[in-house]
Each structure stands twice: as structure tokens, then as C-alpha cells.
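To keep things clear, I will list the structure first and then write my remarks on it.
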Amino acid sequence: MNGIDSIEVRTASARYDAVVGRGALRHAAALMADRGLRPSACAIVCDAAVEHGAAKSVDDSLRAAGTRSVRITMAATEDSKSLATLGDLCERMLADGIDRDGAVIAVGGGVVGDVAGFAAATYMRGIPCVQVPTTLLAMVDAAVGGKTAVNLVRADGSIAKNIVGSIAQPRLVICDPEALATLPARALRSGLAECVKHAVIADPAMLGWITARIDPILAHDPDTLGALVARNIRIKAGVVGEDEREDGRRAVLNLGHTFAHAIESLAHGEVTHGEAVAIGTLAACRLAPGPAADDAERAVRSALQAIGLPTALPAAMLVERLMDAMASDKKRRGGVLRLVVPHGLADVRVEAGLPAARVAEAWRSVGAR
């Protein structure tokens, strides 16, 4: 199809395409069929906010191709990213007659993609999943790589993010920049935080590319957004292709995320995931000594400011509570926390057992008390 950029994702367990292009959602059924995916019926799991937009486009495409489909809406909040929601989805699919020849199509942001992807991975021991991300954050990061999960709630009421899940690669990812047309500026900026993270990991020139184009990005220009999405998917696909299950290289994609998850667990919705990643990435830049690390911190801070993302925590966050939240992060191994440390742009390393004083100083550098 004209104007569709197809990026192959190769992992140890699967090969699939992530397609990026204007109007791609209107051709969802054909894009699936071209890749041998012809399910008997599809459960379209969607965020209520896109039910009559992106989800309807996918639904119309399937119905025109003669494929039975049902739409199942869910709330796209961290509270709904739960085992209860997972059970509700599976029970609904059973009631709607989705069988082993069916498929799940996840239409929405990262929450929908995670929960629907996990449902697909576990329902009837696994049926195909197509990811249709409708936020910038999900397009550039969450929809590619096969991570699916739900949260648990700790005894103190804080959220333990992504504790129950699986790595289950989708059969196809469809990214249509036109689906971002109504995305609020705050959500666009949140997605750009993951782009900044990717730039620090593998593509420093993208920092300048983004800041030079921030106006068309925030104006929802589909061509600019399409180019940005494709550039980031190629980075993510390259890393995931080397290490599907996070036994080595893939861990670098967690840059800023251990900090971010601690922030989110205490912020109770005050910050978005992307905003937390922005702050966390900046904090991580303080973990390594030396001029190259200092340069990386300055470059990240400058990019975040140009984008309009936060560079400091919400008021009244305490170092001790943030450190406690980090201590229960699922990325601990053998009781030791592993953090991704930028020693410079395009020079990020996974390090374990960093001194608590250094981590605390990183927190203070972004405003913790």
C-alpha cells in the first residue's frame, strides 16, 4: 500500500512487521491478511476514548472483509491495569464466542496494549494479537517488543507496576499517525519522553531533530509524526532483536524507568508515565561521573525543556519514600537493584549495586527532599 513504511521486528520467538503510515487503520484487514492473519473473529479491545474513532476504523475494515468482530471497551488507567480487568476481558471474549481461531486487536494507549496483549497471551493458552497504538508513547515504545502485564497493589496502597505478565510478541503492529490528530499536547509530550530515552541510548542526533520540529509535532503534523514513529520503532526493534527477554542488551530500554516507576507509585496520577520517564531519565544521568555524563545530562535537560516536559519532581516527594519504592522494583535480581546509567550519549550501561548515596543524590538532583 502506498505510503506505508513496514519495519520488520525479528526476535528469537517471532518475526512480525510494524507498519507506519497515514490511513493504515482503514486497511487493517488487508494488512493482516497480507501477513497470513485471517482470524475467524476478532475482539477489538479499546480505550473508550477511541471507540468511535480508531477502533471503529479497524472494525469497519474487518467487517468489510467479512470478519466478525466485537468491540470491548476498558478504562485506560493504571487502576484498571489489573488482574480483575484481565479476568473481565477474558470472560467477555468467551461470552462473545472468540475461540482459538480468533484474535485480539488492542486499540489504544499503553494500558490497553499491555492488558489486551496479556489477555491474548493467556486466553485459550494464547491467540494472536495485533497492536494498534493510538498514543505517541505506545507507538514509539510500548506496542513493539511483546511486553504485556498488569499491576498489583502493595499493602500500603502504592502500585507495583507490571508485576504479572508475559513476553508475547504481537503478530502485527499498525501505527497510523492520523490517529494522533486529537491527542492532547500533554499526551504528545509524554510520548516524546520515550523518544528522548531512545536518543540517549542509540541516536543522539534525534534530540536536535525533535527540538527543531517541536512545533509541527505539537500541531499533529502526520508526516512529521510518522517519520518520528518509524525512527523510534527502528531503534526499539534493533534492541529487542538482540535480546528478546531482557537477559542483556534489552535492559538498556529501562533507562529512567526504575526512577519513573517509583515516581508513579507515589504520585497517584499526578504525573503521566512519560513525564515520570522524563524526570527519571534526567535523574539517571546523574549516576555516572565524568564530562561525557555531564554533557548527556545537559543535552537531556535542554531537550526536555524545549519539549515542555518536567525536569523536576512534584513537590513534597521524599528521598526515603522514593528509595523504598525503588527497592521493590521487579528489575531487582538477587535482591540487588539494577539501573541503566548513561556514561554519555549513546553509551548507556546496566549497573548493579550502585551506592545508595549516589542514587539518593540523583533523586535530589530532580528535586526530591
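Every read-out reported here was derived from the displayed coordinates using simple, explicitly stated rules and does not represent laboratory data. All figures in this text were calculated on a predicted structure; none of them were measured in a lab. FYI the Cβ positions are ideal-geometry reconstructions off the backbone, even for glycines, and counts take in every protein chain you see.
Among the candidates 225, 192, 137, 183, which residue alone is crowded, with 24+ Cβ neighbours inside 10 Å and touching a Ser or Thr at 6+ places or on another chain (Cβ under 7 Å)?
Details: 225 fails: touching a Ser or Thr at 6+ places or on another chain (Cβ under 7 Å); 192 fails: touching a Ser or Thr at 6+ places or on another chain (Cβ under 7 Å); 183 fails: crowded, with 24+ Cβ neighbours inside 10 Å.
Answer to the check: 137.
So residue 94 ticks every box in (1) surrounded by fewer than 16 Cβ atoms within 10 Å (Cβ to Cβ); (2) not in a helix (DSSP H, G or I) but one. Which box is left unticked?
(2)
Restricting to segment 133-158, give me the number of residues that are part of a strand (DSSP E or B) and under 24 Å from residue 252 (Cβ atoms).
5
If only one of 346, 327, 312, 357 is without any contact (Cβ under 8 Å) to a residue 12 or more places away in the chain and under 24 Å from the mean Cα position of the chain (by Cα), which one is it? Talk me through it step by step, then tell me what you get.
Values: 346 fails: without any contact (Cβ under 8 Å) to a residue 12 or more places away in the chain; 312 fails: without any contact (Cβ under 8 Å) to a residue 12 or more places away in the chain; 357 fails: under 24 Å from the mean Cα position of the chain (by Cα).
The conditions single out 327.
Within segment 286-297, identify whether any single residue is under 22 Å from the mean Cα position of the chain (by Cα) and either touching a residue at least 40 places away in the same chain (Cβ under 8 Å) or not in a loop (DSSP other than H, G, I, E, B) (or both), and answer yes or no. Walk me through how you get there before you give the answer.
Filtering segment 286-297 down to residues under 22 Å from the mean Cα position of the chain (by Cα) leaves none.
No - not one qualifying residue is present in segment 286-297.
Answer yes or no as to whether residue 182 is part of a loop (DSSP other than H, G, I, E, B) and polar (S, T, N, Q).
Values: part of a loop (DSSP other than H, G, I, E, B): yes; polar (S, T, N, Q): yes.
When the stated conditions are applied, residue 182 passes them.
Within segment 159-173, take every residue that is within 15 Å of the chain's Cα centre (by Cα) and farther than 15 Å from residue 254 by Cβ and give me the one that is surrounded by the fewest Cβ atoms within 10 Å (Cβ to Cβ).
Just the residues of segment 159-173 that are within 15 Å of the chain's Cα centre (by Cα), to begin with: 161-162, 165-170, 173.
After this cut, where a residue has to be farther than 15 Å from residue 254 by Cβ as well, the list is 166, 168-170, 173.
Details: 166: 14, 168: 18, 169: 23, 170: 29, 173: 27.
Only one residue fits best here, namely 166.
I'd like to check which strands (runs of 3 or more DSSP E) are fully inside segment 1-65 and have at least 3 residues that are farther than 22 Å from residue 225 by Cβ. Steps first, please.
Values: elements: 5-10, 15-20, 41-47.
Correct list: 41-47.
Residue 127 versus (1) assigned to a loop (DSSP other than H, G, I, E, B); (2) more than 16 Å from residue 168 (Cβ to Cβ); (3) among the aliphatic types (A, V, I, L, M): which is the lone unmet condition?
Here residue 127 meets the rest and fails (2).
Just to verify a result, which residue in segment 340-361, among those that are of a type outside the set (Asp, Glu) and part of a helix (DSSP H, G or I), is surrounded by the fewest Cβ atoms within 10 Å (Cβ to Cβ)?
Taking segment 340-361 first, the residues of a type outside the set (Asp, Glu) are 340-346, 348-350, 352-360.
Next cut, part of a helix (DSSP H, G or I) only: 356-360.
Values: 356: 13, 357: 8, 358: 14, 359: 22, 360: 15.
Looking at the filtered set, the residue picked out is 357.
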